[in-house]
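The values are calculated or read from the model by the stated rules, or taken from the named source; none is laboratory data. Just so it is clear, the structure is predicted and the values come from calculations on it, not from any experiment. Neighbour counts are summed over all protein chains in view; Cβ atoms, including those assigned to glycine, are modelled from backbone coordinates with ideal geometry. We work out accessible area using only protein heavy atoms, side chains counted, and drop any ligands, DNA or RNA first. Shrake-Rupley method; radii C 1.70, N 1.55, O 1.52, S 1.80 Å.
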Amino acid sequence: MLLAHRIRLEPSLDQRDYFARAAGTARRVWNWALAEWQRQVALGLRPNAMALKKRFNSIKYTDPDWLDEHGQPWLRTIHRDAHAQPFANLARAWTRYVEQRRAGQPAHQPRFKKKGRCRDSFYLANDKFEMDGTAVVLPKIGRVLLRERLRWPGKIMGASVSRQADHWYLSVQVEVPEQLAHRSRTGDAVTGVDLGLSAAAALSSGEKIVAPRPLKAALRRLRIRSRRQSRKLEAAKQVSGITGPIPKGTRLPVSKNRTKGALSLARLHERITQVRADIGFHAIRRQLQYKSARYGTRIVLAGRWYPSSKLCSGCGVRNGKLALSERVWTCAACGIRHDRDVNAAVNLQRLATGTLAARTALPEASQAVTPGTAAGTVPAAGGEVTPVRHEYGQQDGSGQEEYAAHVCARF
Ligand SMILES: [Zn+2]
């Protein structure tokens, strides 16, 4: 099983400088390859990444574009993986674009990367670096300290170094042997999980997992810092005599305070990303999928329109008028008082076991959904068609969880 571990790096100043140059190289090579690709397409040719890479290799130490001010090929100072990988990435990006177009999904062509606007990263093949306890030994720069040890045993498949705000991270992909990746289960039950807005997750056992509080404070700070930053930007515009949107290609006067503000804003965004990673729908689902694969657990995913909140888990009657603001409600038919989220989780648990189907006209999901089967559709109450998708370690980009995702998991 392929698992990734992202570890914060503690680089020295020289090492940070190298990282920035290597990421810049990867970006520049990507842009070169993409421009060549587009040029060939315009000429009616069929570009291919391997041929482009070969061509690049033949010019990279001689072409004036790739020489420094002393006429030296600066690419020699950067390890070659950083400028070889963009070709493979570009080929993959085009393939993905074509596949998405063919499947009728929204897709955009690979774009040029712009400094400061793209993710700074570069790749390392598995035979080019070595993990050494709380350090990693990288080509050209040697040992870089890590904040923690590599979590997974197994064969290292590759790694990438990337920047977020002003921190650098090493993401190591490890092929973990199945017998090590698989954990034995201690329980064998079906639990309904409702991913919601107020509680991060509610379980059918009545337990609620609350969103971490730091998020609220961080979001408030984000508003304040964004406002300060936009004032600094307005001031810079006034100095340059610009009204309205800033024309493309304009360079505003450099301001240390604006740069500092931008950095503190980026750090805050990074922190919020980390906090959100505990509570985001997509992240929770991905974690559940990856954990369940390790534990041999089966996940049943309910469709977005499955009315899990509106059904009474006591008598099965549907409360069509239930508003999102009603956190507690009483069933008109049987008089049971429900906590909105827990009731939903109980319904989802039953959806997975099939007991709800017997009581209402709702579909049974557990038998229809087995590992490896294709997506099936089952009719839901009210005549809607709800896709029940089984996802076993695969991701989708359907944006299913715009409001709420419902997951039934067997823990
Ligand atoms: Zn009821």
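Miscellaneous remarks
- Subset of the range 63-97 [open to solvent by 60 Å² or more (accessible area, probe 1.4 Å) and within 22 Å of P47 (Cβ to Cβ)]: D65, R80, R92, T95, R96
- Of all residues in the range 170-195, those that are of a type outside the set (S, T, N, Q) and surrounded by 17 or more Cβ atoms within 10 Å (Cβ to Cβ) total 10.
- Only strands (runs of 3 or more DSSP E) whose full extent lies in the range 280-399 are considered here, and the ones with at least 3 residues that are at pLDDT 85 or above are 328-330, 337-339.
- Pick from the range 228-260, criterion among the charged types (D, E, K, R) and over 16 Å from G116 (Cβ atoms), ranking: farthest from the chain's Cα centre (by Cα): K237
- R21 open to solvent by 70 Å² or more (accessible area, probe 1.4 Å), farther than 23 Å from V174 by Cα and not in a helix (DSSP H, G or I): no
- Evaluation of P247 against (1) closer than 15 Å to L215 by Cβ; (2) without any contact (Cβ under 8 Å) to a residue 40 or more places away in the chain (one fails), failing number: (1)
- Only residues that are open to solvent by 60 Å² or more (accessible area, probe 1.4 Å) and either within 14 Å of the ligand (Cβ to nearest atom) or in contact with a strand residue (DSSP E or B) (Cβ under 6 Å, 6 or more places away or on another chain) (or both) were counted in the range 287-320, giving 5.
- Selection status of L265, touching a residue at least 12 places away in the same chain (Cβ under 8 Å), assigned to a helix (DSSP H, G or I) and not charged (D, E, K, R): yes
- The residues of the range 196-227 that are under 22 Å from the mean Cα position of the chain (by Cα), at pLDDT 80 or above and loosely packed, with under 15 Cβ neighbours inside 10 Å amount to a single one, L219.
- Scanning the range 323-345 for residues that are in contact with a strand residue (DSSP E or B) (Cβ under 6 Å, 6 or more places away or on another chain) and either within 12 Å of the ligand (Cβ to nearest atom) or polar (S, T, N, Q) (or both) returns W329, T330, R337, H338.
- Selected residue (only one of K114, K128, K60 is in contact with an Asp or Glu (Cβ under 9 Å, 6 or more places away or on another chain) and of a type in the set (D, E, K, R)): K128
- Boolean, I156 is without any contact (Cβ under 8 Å) to a residue 24 or more places away in the chain, open to solvent by 30 Å² or more (accessible area, probe 1.4 Å) and on the phi < 0 side of the Ramachandran plot: no
- Residues located in the range 13-36, provided they are in contact with a helix residue (DSSP H, G or I) (Cβ under 9 Å, 6 or more places away or on another chain) and free of Cβ contacts under 8 Å to residues at least 60 places away in the same chain: R21, R28, V29, W32, A33, E36
- Hey, R143 closer than 27 Å to D14 by Cα, open to solvent by 30 Å² or more (accessible area, probe 1.4 Å) and within 22 Å of the chain's Cα centre (by Cα) or not: no
- Tally, over the range 124-140, of residues that are in a strand (DSSP E or B) and either surrounded by fewer than 17 Cβ atoms within 10 Å (Cβ to Cβ) or out of contact with any Ser or Thr (no Cβ under 9 Å at 6 or more places or on another chain) (or both): 8
- Failed condition for L34, given (1) outside any helix (DSSP H, G or I); (2) under 27 Å from the mean Cα position of the chain (by Cα); (3) not charged (D, E, K, R): (1)
- Across the range 37-62, the number of residues qualifying as outside any helix (DSSP H, G or I), over 26 Å from S160 (Cβ atoms) and open to solvent by less than 70 Å² (accessible area, probe 1.4 Å) comes to 1.
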